[in-house]
Amino acid sequence: MWLPIIEQYGPALIVECEHAIDLSRSLVIDWLKRYMYGNEHDGHKVAERVASTLSEHTLFKSHGRHIDRSQAKEIGLKITDLESDKILEDLVLSVFHATTHTFGATGAVKIIENQMANAYIKHQIVPTAIQRYEKMDKT
């Protein structure tokens, strides 16, 4: 049943996909070693195990699948619960709510802002339909 669909793709696509997976895995390993496990003596080994788990398609089935805190901790990621720091939690939620309202009420689709209040906001023009309502005369 899949043969007609698969026939249209050459072997180069499979090689490109394998390269993309390998690149992703090596980037995750590098970032985990540098930023999460940098001070640990077995950081490389832990980073490789975490990257391998995260890239296991049979476990997650989709790149967009949600991983909750308990799962993230189980696979070895260092997770700090946001609720453990009330000030940070309030700041993060304030930014989240502000961006959510901005995205919902404007044509903004991307916001980048730095600590000096310099911002880049990308807008997408959304066409709007204008409907004309006329009062019907019933005479």
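The values are calculated or read from the model by the stated rules, or taken from the named source; none is laboratory data. Source: prediction; values computed, not measured. Don't worry about glycine lacking a Cβ; one is built from the backbone with ideal geometry, like all the others, and counts go over all protein chains shown.
Observations on the structure shown:
- Checked against the criterion of being assigned to a loop (DSSP other than H, G, I, E, B), surrounded by 10 or more Cβ atoms within 10 Å (Cβ to Cβ) and hydrophobic (A, V, I, L, M, F, W, C), the candidates ILE79, ILE14 yield just one match: ILE79.
- Residue in region 30-46 that is in contact with a Lys or Arg (Cβ under 7 Å, 6 or more places away or on another chain), closer than 30 Å to GLN115 by Cα and touching a residue at least 24 places away in the same chain (Cβ under 8 Å) present: yes
- When the criteria are applied in full, ARG25 fails the requirement of being closer than 20 Å to GLY76 by Cα, over 18 Å from the mean Cα position of the chain (by Cα), of a type outside the set (Ser, Thr, Tyr) and modelled with pLDDT of 90 or more.
- Index of the failed condition, LEU91 passing every other in (1) at pLDDT 90 or above; (2) in the same structural domain as CYS17 (by TED's automatic domain parsing): (2)
- Scope region 1-25; condition free of Cβ contacts under 8 Å to residues at least 12 places away in the same chain and not hydrophobic (A, V, I, L, M, F, W, C); matching residues: PRO4, GLU7, GLN8, TYR9, GLY10, PRO11, GLU16, GLU18, HIS19, ASP22
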